[in-house]
Amino acid sequence: MVQDLYILMITAGVVALLFKLLKQPVVLGYIVAGILVGPHLFGQNFVNMENVETWGNIGVLFVLFCIGLEFRVKNLFQSGKVALVGAGTIVIGMMILGYGVGRFALLDTMNSLFLAAMLCMSSTTIVMKAIDEAGLGKARFVKGATGILIFEDIIAVVLMVLLSSIAVKNSFEGVELLEKVGVLALTLAVWFIVGILIIPTLFRWVRPHLNDEILIVLSLGLCLGMVLTAEEAGFSSALGAFVMGMILAETKESHRIEQLMTPLKNVFAAIFFVSVGMMINPASLVEYWPSILTVAVVIIVGMIIFGTLGCWWGGETLKDAMMTGFSFVQIGEFSFIIAALGTKLNVTDPAIYPIIVAASVLTTFLTPYIMKAAEPCYNLLYKHASPRMKAKIDAREEKVNLAQQNAQKTTTKDAPNRADKVKHAVRKTVITKRLVNLFLKNMSENDQPTQQQ
């Protein structure tokens, strides 16, 4: 086992360093490292596949736990309509497009559903990294893009649960699926509310004794406890990890937990991406290159169209909408997880996995260059737009600028914001005031300055 870990780590580290020097995402380096140590390239196993699979599964849990830690309920309220409409448009549009591509390729219903789910999620990690490297971190569209990515992460976790249920029964029944969605929504609500009522309060009681060592051990224990709870309830372990991350995100210790988890997450996430690469047969990439190219084009064109439309319908300016759409032109970690899920459940065609991974590598490589094309494309579109369309674009720009100015004027300490009004209304109307006040206190405590250790 130690030898397996040594081979994985040293190969992943060297290849990732090379990709870093080439100014490419290190995720691609991990996948290439997986191809190098995998059984297909040289015809032999350099590592024990069972060990790698186990470590990869742990990596998935840690990745989703950390994604949950980055989740903030207040961020969803701040993103508002843009996040909800944008994410909904992208997911629904790309799923319809992906399902259509699957059926056109003569895949059955199950394969087409999994393919649709793989194509509808942009990579949060890659998008934010591309935005940061482009020097656009403070650009106006980033806030809405972040909200959309958060919603997509939530939808991805829900999709994984639903696809697992459909795959196990090998059937798609509308009424039963709606019941499953209802049970899932109710379960999530109960877990989240109970968690917010209990865990932040416990953390406040023991905060004086929480050094870094105890905090990380306790957090991982809570994460694994929720993983077991989710499995006992018939849901995926990934859902439990994500939910516990969401709960801990509402504590004052969330930023400390994120910092402590980052090295651990990076190690196991690297192993996960290496395990993804190990499942790729380079010969299959040559065999399926037309399908890989087709899927990549579908991802790029679909994300640009649906991302732009969703943000425009959500109230953003056309320029910001196009910047968002052009930055979402790749698939990433959730696509790999869903592809691995289909392979594990033996419900997807073996050819889909290498096609999806190769399409992800290609679209990830192209993302920075496509992002640079957003503004020239906007200028070209505006230049050739009809007078009526130009009037709409200008009116939206003026409306958004005015809303920003008004928001800046009203964000004073004395001016009650929407969250304060909601809290006040709830406190006045709900009978169990003490529980409600405790819930609201725990939900808002993360906004307060973190206590110095």
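The values are calculated or read from the model by the stated rules, or taken from the named source; none is laboratory data. Because the structure is predicted, anything quoted here is derived from the model rather than measured. Using ideal geometry, Cβ is built from the backbone for each residue, glycine included, and neighbour counts are taken over all protein chains shown.
Among Thr251, Thr262, Thr294, which is farther than 23 Å from Ala358 by Cα, polar (S, T, N, Q), in contact with a helix residue (DSSP H, G or I) (Cβ under 8 Å, 6 or more places away or on another chain) and surrounded by fewer than 20 Cβ atoms within 10 Å (Cβ to Cβ)?
Thr262
Scanning region 122-150 for residues that are among the hydrophobic types (A, V, I, L, M, F, W, C) and closer than 18 Å to Thr262 by Cβ yields a count of 2. For region 153-161, the criterion of being modelled with pLDDT of 75 or more, under 30 Å from Val329 (Cα atoms), in the same structural domain as Met121 (by TED's automatic domain parsing) and not hydrophobic (A, V, I, L, M, F, W, C) is met by at least one residue.
Here's the yes/no breakdown for (1) assigned by TED's automatic domain parsing to the domain that holds Leu345; (2) closer than 19 Å to Val243 by Cα; (3) hydrophobic (A, V, I, L, M, F, W, C); (4) surrounded by 23 or more Cβ atoms within 10 Å (Cβ to Cβ):
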position	(1), (2), (3), (4)
Met49	no, no, yes, no
Asn57	no, yes, no, no
Leu69	yes, yes, yes, yes
Val82	yes, no, yes, yes
Gly88	yes, no, no, no
Thr124	yes, yes, no, no
Met128	yes, no, yes, no
Val142	yes, no, yes, no
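The conditions of being at pLDDT below 80, among the hydrophobic types (A, V, I, L, M, F, W, C) and surrounded by fewer than 19 Cβ atoms within 10 Å (Cβ to Cβ) are not met by Phe235. Just one residue in the set Leu61, Leu41, Leu69, Leu5 is more than 25 Å from the chain's Cα centre (by Cα) and modelled with pLDDT of 80 or more; that residue is Leu5. Any residue at all in region 103-110 that is surrounded by fewer than 17 Cβ atoms within 10 Å (Cβ to Cβ), farther than 24 Å from Thr262 by Cα and touching a helix residue (DSSP H, G or I) at 6+ places or on another chain (Cβ under 7 Å)? Checked against the condition, which is being surrounded by fewer than 17 Cβ atoms within 10 Å (Cβ to Cβ), farther than 24 Å from Thr262 by Cα and touching a helix residue (DSSP H, G or I) at 6+ places or on another chain (Cβ under 7 Å), region 103-110 yields at least one hit.
For region 253-359, which helices (runs of 4 or more DSSP H) that fit wholly inside it have 2 or more residues that are closer than 27 Å to Leu162 by Cβ?
Numbers: elements: 254-278, 282-287, 289-313, 318-327, 333-344.
Helices (runs of 4 or more DSSP H) meeting the threshold: 254-278, 289-313, 318-327, 333-344.
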